[in-house]
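Have a look at the structure below, then the notes.
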Amino acid sequence: MYEYISGKIATVTPANAVIDCGGVGYLLEITLNTYSAIQEKEEARLWVHEVVREDAYLLYGFYTTAERAMFRLLLGVSGVGAATARMMLSSLSVEELTNAIASQDAKLVQRVKGIGAKTAQRIVLELQDKVSGNSTVALSQQSPVSHNKEEAIGALVMLGFPKPAAEKAVQSLDGKLSVEELIKEALRRI
């Protein structure tokens, strides 16, 4: 339902952040990597993953789409829940975790608090095909400016352009341009 929440940071702790968006404060559970990225900022955009349980409705916020993508991959592994996935992404960066899975380094994965040998092996086994050659590492190396490109591509798709054509037109542009400028320039190229 939610793709991202953007607004003023009302409060931020290593475990969660409250983002004031239009007068509503959204409490998002965050990783330590996200905390490090936003702790000194006044405003932030956090990419959201929703978890609806019988007893709670939780929002998890991530500074990059790559971190959210890895979180979602981890949730797909049997025996790994949201709390465990968040702990893993607090202990290791997306790149470190991706490299550990791709190289079958279960011992590195096992160093995360709460991850036993069997769970580490299961994570490596189940995710190896999904992260090797995946764009997760490339996404983690993008600067926050690339969010403008993602928004521009999304807007072009909403206007009816095929996603591959929109991506091709936007990717060659300067990522420092505003979303509106990116869209205008991409429209000239499509």
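The values are calculated or read from the model by the stated rules, or taken from the named source; none is laboratory data. Please read these numbers as outputs of a predicted model, since none were measured by experiment. Positions of Cβ are backbone-derived with ideal geometry, glycine not excepted, and every protein chain shown enters the neighbour counts. When the accessible area is computed, the model is the full protein with side chains, heavy atoms only, and any ligands, DNA or RNA have been set aside. Shrake-Rupley method; radii C 1.70, N 1.55, O 1.52, S 1.80 Å.
Ordering ILE19, LEU32, ILE115 by Cα displacement along the dipole of the chain toward the positive end leaves ILE115 in first place; charges were set at the Cβ atoms of Lys, Arg (+1) and Asp, Glu (-1). In this structure, the residue pairs whose Cα-Cα separation is over 23 Å, taken from LYS41/LYS176; LYS149/LYS184; LYS41/LYS184, are LYS41/LYS184. GNM remark for the chain: springs join alpha carbons under 10 Å apart, and the peak mean-square fluctuation among GLN110, GLN171, GLN39 falls on GLN171. Atom-type composition of the exposed protein surface of the chain places 51 percent of the accessible area on carbon and sulfur (1.4 angstrom probe). Under 10 Å, Cα contacts only: if you run a Gaussian network model on the chain, which one of ALA102, ALA56, ALA15 comes out with the highest mean-square fluctuation? Highest fluctuation among the options: ALA56.
Relative to the dominant Cα principal axis of the chain, helix 82-91 is inclined by about 80°.
Looking at the chain, the pairs of alpha carbons with a distance over 20 Å make up 59% of the total. Ranked from largest to smallest solvent-accessible area, with a 1.4 Å probe on the protein heavy atoms, LYS168, LYS41 come out as LYS168, LYS41. Going by accessible surface with a 1.4 Å probe and the largest first, ASP174, ASP55 read ASP55, ASP174. In deg cm²/dmol and to the nearest 500, what is the mean residue ellipticity at 222 nm of the chain if only DSSP H runs of at least 4 residues count, each as -39500 (n - 2.57), divided by the residue total? When only DSSP H runs of four or more count, the value is -14500 deg cm²/dmol.
For segment 1-80, the Kirkwood hydrodynamic radius from C-alpha pairs, put into Stokes-Einstein at 37 °C and a viscosity of 0.692 mPa s, yields a diffusion coefficient of 256 µm² per second.
Residues considered: THR11, THR64, THR31. Largest GNM mean-square fluctuation over the chain, using C-alpha springs under 10 Å, is found at THR11.
Each Cα pair under 8 Å and six or more residues apart adds its sequence gap; the mean of these over the residue count of segment 70-124 is a relative contact order of 34 percent.
Looking at segment 18-135, the accessible area is 51 square angstrom per residue; that uses a 1.4 Å probe and ignores ligands, DNA and RNA.
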